[in-house]
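A short reminder: the numbers here are calculations on the coordinates, not readings from a lab. Just so we're clear, the structure is a prediction, and the values are computed from it rather than from any experiment. Glycine gets a Cβ as well: all are built from the backbone with ideal geometry, and neighbour counts include every protein chain shown.
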């Protein structure tokens, strides 16, 4: 850990690097800013690359680095151009949410259901991996609905005593048809 802190201090001084959270819980995302004279196109973690963007005022560059829920605590090396820095990944300690449903809902046998869920998953991954060249975030995020939260972000979802994943959203209680506002600006 001491090495990570000393290295980050050197990277900040040399590269104008600002890491909003250098210690990141698995399942979370950190924000990195650059004050460099030369553009940084991407960050690399192993074989994965992450796009670097300009802030709306073009004064800095930034990147969002997501960390998988399944990432074990460790220091990870983040490379850019001919330099690198480390992030310290820590255990998020997420609460468990036990859900009991029919076995057929957890592990469906129907080929039609498997095909539908596979198609939905592919569509979701396409959306999650889409990057627009324009930054549409122009103000702080807002809560999309004033209502009771029925399931928080990050809870370990345990269906019928088997961990099936982590909740990467927030569920709000509302009647069908309740208007929901966008939490920030977006694409058209």
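Would you mind computing the Rg to Rh ratio of segment 96-172 from its alpha-carbon coordinates, Kirkwood style for Rh? Could the numbers behind the result be given before it?
Working: Rg = 16.4 Å, Rh = 15.5 Å.
Using Cα coordinates only, the ratio equals 1.05.
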Sequence-separation-based contact order of segment 53-127, relative, with Cα cut under 8 Å and 6+ spacing, percent:
16
Nearest 10 degrees, 0 to 90: what angle lies between the long axis of helix 2-15 and the longest principal axis of the chain (Cα atoms)?
60
Helix-derived [θ] at 222 nm for the chain: sum -39500 (n - 2.57) over DSSP H runs of at least 4, divide by residue count, nearest 500?
-6000 deg cm²/dmol
Using only Cα atoms, tell me the angle between helix 111-128 and the longest principal axis of the chain; keep it within 0 to 90° and round to the nearest 10.
30
Of the listed values (i) 0.94; (ii) 2.03; (iii) 1.23, grab the one calculated as Cα Rg over 2.2 N^0.38 Å from the structure here.
(iii)
Packing-based ranking, highest mean first, of 65-73, 20-28 given that Cβ atoms within 10 Å are counted:
20-28, 65-73
